[in-house]
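**Q** Below you'll find the structure I mean.
The values are calculated or read from the model by the stated rules, or taken from the named source; none is laboratory data. Being a predicted model, the structure only gives us computed values, none of them experimental. Quick reminder, even Gly has a Cβ in these numbers, built from the backbone with ideal geometry, and neighbours come from all protein chains shown.
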Amino acid sequence: MTTRQTPTTPAPDGYGTVTPWIISRDSAKLLDFLAEAFAATELARMPNEDGKIGHAEVRIGDSVVMLFDGRPEWPDTPAFLRLYVEDGDAVFRRALAAGATEVTRMTELFWGDRVGRVRDPFGNVWWIQQRGAELTPEAMGERAARPDLIEAMQYMQSAEIVRSVS
């Protein structure tokens, strides 16, 4: 007798095909930060025998982010994450209030989005993005030549993104 298997999707329900995974020195505190700064909902937390987090998951908007505690001998490897939100300025302020530091202020860029970057207390850099206008390639090209938007792009590109985590 043959068993008929139901076709499966590449990713489980509620997950995208790519899931960011953050390795942290203190995932419990990172979970607290994510909840406060980005309204993350904790989905799972599995501690190891030593009390460190072996696996955790949160949902931020419609995406899942996974995390776990690294080992002391592992180097710091911060994650870089893009977070699309409805109100970039409010989320940016909330992230700063939760303990993040400003990398770049919220800035309008030539493709129509407002973007600001923060570094969380664990060294991860979050691109907080708010969609602006849906622009044609021609409109983007025209905007890319505007002096104010050239200056905005130069500002964004001059920021120190990577630094060592203490």
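**Q** Being buried (at least 17 other Cβ atoms within 10 Å of the Cβ), within 16 Å of the chain's Cα centre (by Cα) and charged (D, E, K, R), is that true of even one residue in the stretch 76-83? Steps first, answer last, please.
**A** Residues of the stretch 76-83 buried (at least 17 other Cβ atoms within 10 Å of the Cβ): 78-79, 81, 83.
Cutting the leftovers down to within 16 Å of the chain's Cα centre (by Cα) gives us 78-79, 81, 83.
If we keep only those that are charged (D, E, K, R) as well, we get none.
No, the stretch 76-83 contains no residue that is buried (at least 17 other Cβ atoms within 10 Å of the Cβ), within 16 Å of the chain's Cα centre (by Cα) and charged (D, E, K, R).
**Q** Taking residue 89 and the conditions (1) at pLDDT 95 or above; (2) surrounded by 15 or more Cβ atoms within 10 Å (Cβ to Cβ); (3) in contact with a strand residue (DSSP E or B) (Cβ under 6 Å, 6 or more places away or on another chain); (4) among the acidic types (Asp, Glu), which numbered condition does it fall short on, given that it satisfies the others?
**A** Unmet for residue 89, out of (1) at pLDDT 95 or above; (2) surrounded by 15 or more Cβ atoms within 10 Å (Cβ to Cβ); (3) in contact with a strand residue (DSSP E or B) (Cβ under 6 Å, 6 or more places away or on another chain); (4) among the acidic types (Asp, Glu): (2).
**Q** Just to check your reading of the model, which residue among 159, 144, 139 is touching a residue at least 40 places away in the same chain (Cβ under 8 Å) and surrounded by fewer than 17 Cβ atoms within 10 Å (Cβ to Cβ)?
**A** Residue meeting the stated conditions: 159.
**Q** What number of residues within the stretch 19-34 satisfy the criterion of being within 13 Å of the chain's Cα centre (by Cα) and surrounded by fewer than 16 Cβ atoms within 10 Å (Cβ to Cβ)?
**A** Total satisfying the criteria: 2.
**Q** For residue 96, which of the numbered conditions (1) at pLDDT below 95; (2) surrounded by fewer than 17 Cβ atoms within 10 Å (Cβ to Cβ); (3) in a helix (DSSP H, G or I); (4) of a type in the set (A, V, I, L, M, F, W, C) fails to hold?
**A** Of everything listed in (1) at pLDDT below 95; (2) surrounded by fewer than 17 Cβ atoms within 10 Å (Cβ to Cβ); (3) in a helix (DSSP H, G or I); (4) of a type in the set (A, V, I, L, M, F, W, C), residue 96 misses just condition (1).
**Q** Oh, and also: Has the stretch 99-110 got at least one residue that is touching a residue at least 24 places away in the same chain (Cβ under 8 Å), closer than 14 Å to residue 34 by Cβ and either surrounded by fewer than 16 Cβ atoms within 10 Å (Cβ to Cβ) or in contact with a helix residue (DSSP H, G or I) (Cβ under 8 Å, 6 or more places away or on another chain) (or both)?
**A** yes
**Q** Please find, within the stretch 122-131, the residue that is farthest from residue 82 (Cα to Cα) out of those that are in contact with a strand residue (DSSP E or B) (Cβ under 8 Å, 6 or more places away or on another chain) and surrounded by 15 or more Cβ atoms within 10 Å (Cβ to Cβ).
**A** Initially, the stretch 122-131 is screened for residues in contact with a strand residue (DSSP E or B) (Cβ under 8 Å, 6 or more places away or on another chain), giving 122, 124-131.
Subset that is surrounded by 15 or more Cβ atoms within 10 Å (Cβ to Cβ): 122, 124-130.
Working: 122: 16, 124: 11, 125: 9, 126: 6, 127: 4, 128: 6, 129: 7, 130: 10 Å.
Filtering the stretch 122-131 for residues that are in contact with a strand residue (DSSP E or B) (Cβ under 8 Å, 6 or more places away or on another chain) and surrounded by 15 or more Cβ atoms within 10 Å (Cβ to Cβ), the one farthest from residue 82 (Cα to Cα) comes out as 122.
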